[in-house]
Each structure stands twice: as C-alpha cells, then as structure tokens.
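Participant: Could you have a look at this structure, given as structure tokens, before my questions?
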Amino acid sequence: MNTAAGSPVPKMTARNVNVFYGQKQAIKDVSIDVSREHVTAFIGPSGCGKSTFLRCLNRMNDTVDGARVEGRIELDGQDIYASVMDVVQLRARVGMVFQKPNPFPKSIYENVAYGPRLHGLARSRADMDEIVESALRRAGLWDEVKDRLGESGTAMSGGQQQRLCIARAIAVDPEVILMDEPCSALDPIATARIEELIDELRGRYAIVIVTHNMQQAARVSQKTAFFHLGTLVEYDDTSAIFTNPKATRTKDYITGRYG
Amino acid sequence: MAENAAHTVKSFDEDIAQLRAVITRMGGLCETQIADAVDALVARNVEAAARVVEQDKRMDALETEAEALALRIIALRAPLADDLREVVAAMKIAGVMERIGDYAKNIAKRTPVVAQSQPIGPAVIVPEMARAVIEIIRDTLDAFVDRDAEKALAILQRDQQVDEYYNSLFRALLTFMMENPNTITPSTHLLFVAKNLERIGDHATSVAEMVHFTATGQRPAERPKTDSTSSVYTPH
Ligand SMILES: Nc1ncnc2c1ncn2[C@@H]1O[C@H](COP(=O)(O)OP(=O)(O)OP(=O)(O)O)[C@@H](O)[C@H]1O
Ligand SMILES: [Mg+2]
C-alpha cells in the first residue's frame, strides 16, 4: 500500500485503521498521511467508507452508536484516540463541514461566534466582531452579509449557508478542515465559489474533501485517495490518479466503468 | 493488452467507437493516397495523380470531423485516465494523418514533371519504400484501435528501415545525376518524393509513440538513428 503523500511532515497520519459498525467492518486496514500543503480528495463508490474514515479523523464516530475504531491516528504526532485527548479541543483543531449546510437557527453572527465563544477565543465584543468578520471574509461571504449579520443563518441560499458553515469551521482557527461532499447541494456557481475558497484556504489548513464529482476532485485537490469496499486502493498525486492511475479498480471507477 | 470493461453509460462507448472509426478511415485513406500517388508516379499517369490531389480534400474533412467529435467527448463526457489519453491522442493523430495526406498530395503533384522526362533507374526503390511506409501506418492504426502498447513499441523499430531506403535512394540518385546531368530536374523531384516518404515514416512513427502513450501513460524511450543522411538533407 502506498501511503507516501510526498510531503516532509504529515499533519495527520493514520496507521492500520479498522472501523466496525457492530459486526460489519466498514474500513479495512487503511494507512494514509495527510499534509498541510495539499488539499486531499477522498473518492470512491457510495458505501466504500469515505465518510466513515473522514469521521475517524476528528472522532466524530464516537457519537455513532455501535461504531468502533481500531488502529492509530495522529495529529502532529499526537494520538487523537489517547485518553488524555480532549475531544472538544480536537474538534476545534480538526473542523468539519457537512454535505448539507447545517447552520444553527440563529443569526449569521451567532453562527460564526458560537465556536470562538465555546473555546473562549474572544476577550471582548470587539475581539469577537473581528473574529467573525475575518472568518466571513475568508469564507468569501462578508460582502454579501455584512449588512444583515443579525438575520437568521437559515434564511440564506444553500451556497451562502455552506459558506457560512465554512466560516463557522474556520472561526476557531482549526488546523485541519474535513469536508464531506460540501458542494453536492449547490449549483455550479456556488460550487465554483466553494472551490475557489478551498484553493484560497490551501496551505493555511490541511484540507480533506470527500466528493463524488471527479472533476471537482481533479480541480481542487493535489492528492487523491481512492477507496473501494473499505480499503484504500490507491493514493497518489491527483494528476497521476486522473491521467494514469495504477490500479485497474481506480481506472474503472474514474472512467465510469465501475459495476 | 487488457481488454477494457464497457462504460456504465453506453453512449460513451459509442462516442469513443465513432472517434476510432474516423481515425481508422483517415489511416485507410492515407494508405490509399500514398499507394495511388506512387503508382501514378511510376506509371507516369498524370490523370491518376490529379485524382490523388483531389482526394486530399476528404482527408481535411475527416480531420475536421475527428476534431469535432473529440471536442464533443471532452465537453460532454469529461473523459479521464486512458479515455482522456485516447481522445487527446486521437485529436493529435488526426492532425498527423492530415499532414501525411499532404505529403502524398505533394508526391502526386510531382508526377507531371517526372512524366515528361526519361525514366530514372533508381526510381524502382520508391514503390518498395512506399510499401514499407504503408505497412507502418496500417500496423500503427491497428495498435491504436486495440490500445496495444506492445505492437506500437515494435513499430518504432521499423522507422529505421524507411530511413535506410531513403539513404540508399539518396546515394543512388546522386550517382545517377552525376552520370546523367540532363536528369537533374526529374532526379531532384524524385529525391523530394523519397524525402516525403521518409517524413511520412517519421510521422507514422510518432503516431505509434502516441498509441504507446495512450495505452500505458508512458512515453517510449528515445528511438535510434543509424545514419545521419536522412536528418541532414532536409529539403523543407
Ligand atoms: N451509522 C452506521 N451504522 C451502521 N453502518 C453504517 C453506518 N454508517 C455507515 N455505515 C456503513 O458503512 C459503510 C460505509 O459507509 P460510509 O457512509 O462511510 O460510505 P461513503 O463512502 O461515505 O458513502 P457515500 O458516498 O454514499 O456517502 C456502508 O456499508 C454503510 O452502510
Ligand atoms: Mg459519505
């Protein structure tokens, strides 16, 4: 198995990870490095375990009934499943954006301020204003919402809601952002804005994105991992995966010959 | 070469098949154009040569068709991996085939001049050389349709054979011209004909390289040259 991400110091490393839902094994012996320099895309057919594996990276599976994770996952060399690991702290460092935008039924401002408040990142109202503005700016949303920060986050378009969720994720200044099909409910323009945003965030955060859109994976990522039936089949430079994949299973999947 | 499974979307396979068919037709037309041009030259048949010139328009039309098909596949199917390599290669191959067609046309255009003068002995090598070139084109097209890297690789060696024909014809013509200075004009035309065939061989070989790349994603290693004659005296 090829685990080399071609990066000197990986931000996250997973070694021999197995995940079970009850008796059923959803992830089989997956080892992979994720670096901060690159956007990493996870691709593969529905049910192959992309979301399951992604959720391992910030222990979201802890909240799933019957889910059991084996193996070792490190963030900056620290075992994230160690008993000393503070899970709330971990999820601030490893943020997540979901498929369906899920803003809180609160104001736009409060949506972004929620995390920083929880983690005590602002000492004053002015501090918080600055954090909120900077997160909204980095999410490419500021100009659209600066005059309506008090309005409800749920009263925005899908694309705006998704960028609000990204703003919420980056407001706590995470180190890693996990995105699970963040554009699947968005039109091409909104999708392009999210992709542009991902490109701008690259380098500052380690970004992992799950996508079913091959063109999107090709556009936004520099590394691509192909999962199939719970295993990591191939992990390589995105350009290599999409022009000359090594494994037949990868090729059959990306060229539309799967199943 | 491992046989590819069918695409889940069947019309994708149909598009690819259609593109391959156009490329194959271009290859077939190249073969006939070269054969007809050389036949006309040897038979000193000016009308037959004029027909070759006329037929070249079909080649241009086919190239346009191949390009349109490839663009449509890229736009509608967003092909990846070996599909992407094949579509891009098909577009390039169509361009090369069109160039090969131009060389055949150029051979045909020299027929009237050659037909007006006395026969030139070394000309007997030309049909043999043409046969070698045509076989390369045919095998290259077979390799393309089968995505057969091995076959493509084997073809690369055969360009040398064409170069050798050229080199020996070149020397024979030089001697012939020195002995018969009144034949310099038709001999020079014949030399250009040989050079055209040699260029066709080079182009066909570059197509074989593209076929290899399509099949494997790898460029084949540098191919060898034995004699510098064919690369030094370039009349273009
Ligand atoms: N909460 C759960 N309980 C039991 N089984 C689950 C649970 N979540 C996922 N699974 C199973 O684990 C396997 C992997 O699911 P997962 O959601 O990770 O796939 P995926 O690659 O993200 O698929 P998709 O592309 O459809 O989102 C599937 O067989 C799925 O049925
Ligand atoms: Mg999923």
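The values are calculated or read from the model by the stated rules, or taken from the named source; none is laboratory data. Please read these numbers as outputs of a predicted model, since none were measured by experiment. Methodologically, a virtual Cβ is constructed for each residue, glycine included, from the backbone with ideal geometry; neighbour enumeration extends over all protein chains shown. The accessibility values were calculated without ligands, DNA or RNA, using every heavy atom of the protein model including side chains. Shrake-Rupley method; radii C 1.70, N 1.55, O 1.52, S 1.80 Å.
Participant: In a helix (DSSP H, G or I), in contact (Cβ under 8 Å) with a residue 12 or more places away in the chain and under 13 Å from the mean Cα position of the chain (by Cα): does that describe residue B:159? Show your work before the answer.
Facilitator: Working: in a helix (DSSP H, G or I): yes; in contact (Cβ under 8 Å) with a residue 12 or more places away in the chain: yes; under 13 Å from the mean Cα position of the chain (by Cα): yes.
Taking the combined requirement at face value, the residue satisfies it.
Participant: Quick check on the stretch A:59-78. Is at least one of its residues away from ligand 1 (no atom under 16 Å from the Cβ), touching a residue at least 24 places away in the same chain (Cβ under 8 Å) and open to solvent by less than 50 Å² (accessible area, probe 1.4 Å)?
Facilitator: Within the stretch A:59-78 (the criterion being away from ligand 1 (no atom under 16 Å from the Cβ), touching a residue at least 24 places away in the same chain (Cβ under 8 Å) and open to solvent by less than 50 Å² (accessible area, probe 1.4 Å)), the answer is yes, since at least one residue qualifies.
Participant: Within the stretch B:101-141, track down each residue that is assigned to a loop (DSSP other than H, G, I, E, B) and either polar (S, T, N, Q) or open to solvent by less than 10 Å² (accessible area, probe 1.4 Å) (or both).
Facilitator: Those that are assigned to a loop (DSSP other than H, G, I, E, B) and either polar (S, T, N, Q) or open to solvent by less than 10 Å² (accessible area, probe 1.4 Å) (or both): B:117, B:118.
Participant: Kindly check whether there is at least one residue in the stretch B:14-36 that is in a helix (DSSP H, G or I), surrounded by 15 or more Cβ atoms within 10 Å (Cβ to Cβ) and within 14 Å of chain A (Cβ to nearest Cβ).
Facilitator: yes
Participant: Here are some conditions: (1) open to solvent by less than 40 Å² (accessible area, probe 1.4 Å); (2) in a loop (DSSP other than H, G, I, E, B). Residue A:185 meets all but one. Which one does it not meet?
Facilitator: With respect to (1) open to solvent by less than 40 Å² (accessible area, probe 1.4 Å); (2) in a loop (DSSP other than H, G, I, E, B), residue A:185 is out only on (1).
Participant: To continue, here is another question. Whether any residue in the stretch A:124-141 is within 30 Å of residue A:10 (Cα to Cα), touching a helix residue (DSSP H, G or I) at 6+ places or on another chain (Cβ under 8 Å) and not in a helix (DSSP H, G or I) is what I want to check.
Facilitator: yes
Participant: Any residue that is assigned to a helix (DSSP H, G or I), free of Cβ contacts under 8 Å to residues at least 60 places away in the same chain and polar (S, T, N, Q) - is there at least one of those in the stretch B:52-63?
Facilitator: Taking the stretch B:52-63 as the starting set, the residues that turn out to be assigned to a helix (DSSP H, G or I) are B:52-63.
Cutting the leftovers down to free of Cβ contacts under 8 Å to residues at least 60 places away in the same chain gives us B:52-63.
In the following step, the residues that additionally are polar (S, T, N, Q) were identified as B:55.
Yes, the stretch B:52-63 has at least one match.
Participant: From the list B:75, B:81, B:89, which residue is within 14 Å of chain A (Cβ to nearest Cβ), at positive phi and of a type outside the set (Lys, Arg)? Break it down into steps so the answer makes sense when it comes.
Facilitator: Working: B:75 fails: at positive phi; B:89 fails: at positive phi.
Residue meeting the stated conditions: B:81.
Participant: Looking only at the stretch A:25-51, how many residues end up being within 9 Å of ligand 1 (Cβ to nearest atom), free of Cβ contacts under 8 Å to residues at least 60 places away in the same chain and either closer than 20 Å to residue A:177 by Cα or within 17 Å of the chain's Cα centre (by Cα) (or both)?
Facilitator: 0
Participant: Separate question: For the condition more than 14 Å from chain B (Cβ to nearest Cβ), within 13 Å of ligand 2 (Cβ to nearest atom), assigned to a helix (DSSP H, G or I) and closer than 30 Å to residue A:28 by Cα, what is the one hit in A:42, A:53? Break it down stepwise before answering.
Facilitator: Details: A:42 fails: assigned to a helix (DSSP H, G or I).
Going through A:42, A:53 in turn, the sole match is A:53.
Participant: Would you mind stating whether residue B:140 is of a type outside the set (Asp, Glu), closer than 30 Å to residue A:249 by Cα and more than 14 Å from chain A (Cβ to nearest Cβ)? Write out each step before concluding.
Facilitator: Working: of a type outside the set (Asp, Glu): yes; closer than 30 Å to residue A:249 by Cα: yes; more than 14 Å from chain A (Cβ to nearest Cβ): yes.
So residue B:140 passes the test.
Participant: Quick check on my filter: what residues within the stretch A:205-243 are within 9 Å of chain B (Cβ to nearest Cβ) and crowded, with 19+ Cβ neighbours inside 10 Å?
Facilitator: Start the filter on the stretch A:205-243 by keeping residues that are within 9 Å of chain B (Cβ to nearest Cβ), which leaves A:214-215, A:218, A:240-243.
Scanning the stretch A:205-243 gives A:214, A:218, A:241, A:242.
Participant: Residue by residue through the stretch A:170-182, note down the ones that are within 16 Å of ligand 2 (Cβ to nearest atom) and either open to solvent by 10 Å² or more (accessible area, probe 1.4 Å) or over 14 Å from the mean Cα position of the chain (by Cα) (or both).
Facilitator: Here is the first cut: in the stretch A:170-182, the residues within 16 Å of ligand 2 (Cβ to nearest atom) are A:178-182.
Selection gives A:180, A:181.
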